[in-house]
Amino acid sequence: FELGGGSSLFYSRRIGLYEGNPVRIWGGARVISRVKDWDIGFLDMQTASFDDLPSENFGVLRLKRRVFNPYSYAGGMITSRIGVDGTYNLAYGLDGIIRLFGDEYLTVRWAQSFRDSAVNNPFSLDPSRFLVYWERRKQEGFSYMFAAGFHGEEYEPGIGLERFRDYWVLREDLKYTWISPESAKMQTHSILLRN
C-alpha cells in the first residue's frame, strides 16, 4: 500500500526492530491467497518486550478486488500495533487504480491513523494522508503523470514508513520515449521533464 515518495501504510521491517536493535518475535501467522477476483493478505505477530518497549501485537489485513476490467482494482488495508500496556496505533487505507480507457489510469489512495496519544478526529485532515494521480502509461511515445498528495501533521501509521511529514505536494512528469533499431548500441531513449 504505497503512498508515494517511498512511503507506505505497511512496512514489515517495523516488526522486530526497536531503535536499530532486534526485538524477539514470539510467533505469528501469515496467509496470502487469491480467491477468484480477490487478493487477500493477513499477518499477525507478537513480539517480546525490550527495554522500555512493551510486548506488542502487530496485525495487517489487506484486501484487493479486480473491478471494471483486468487492469483495475479497488482495495483496502487495516493495520494495528497494540502494546500490552494499553498503547495502540491503528491505521486504515482505501485505494484503487482504474484503467479509464486506452493507456489512461487514475490512482487514488487515502489513509488515516489513530493512536492512544492523539486527538483522533476521523473528520479532520490532521491524521490523514492521500495521493491521487492521473497518468498515461506507455512504453514508447508520449506519456505523462499529474499527481497531488497531502500528509497531515498527526498522520503516523504504527507499522508504516513515512519519509516526510506535514506537507502538500503537486507534481507533473512529461516523458517521450523512443526505441532504436536492434543494431544500435543504446536501444531505449527517454526525455523526461519533471517538476
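Here, each number is a calculation from the coordinates, and none is a lab measurement. Source: prediction; values computed, not measured. Methodologically, a virtual Cβ is constructed for each residue, glycine included, from the backbone with ideal geometry; neighbour enumeration extends over all protein chains shown.
Couple of notes before you dig in:
- Given R0 = 25 Å, the distance between the Cβ atoms of residue 21 and residue 44 translates into a calculated FRET efficiency of 0.65.
- Cα gyration tensor category, rounded, prolate or oblate, for region 54-127 with a/c compared to 1.5: oblate
- Note on the chain: GNM, Cα springs under 10 Å; of 101, 50, 146, the largest mean-square fluctuation is that of 101.
- In this rough spin-label picture, where each label sits 7 Å from Cα along the Cβ direction, the residue 117-residue 29 distance is 3.2 nm.
- Stretchable slack from residue 61 to residue 108, in nm (0.36 nm times residue separation minus alpha-carbon distance): 15.0 nm
- Pairwise centroid distance, computed over Cα atoms, of region 15-68 with region 108-169, Å: 21 Å
- Reported label for calculated volume of the Cα convex hull per residue in Å³ given (i) 123; (ii) 172; (iii) 146: (ii)
- Amide proton proximity set for residue 18, modelled H, under 5 Å, gap of 5+: 23
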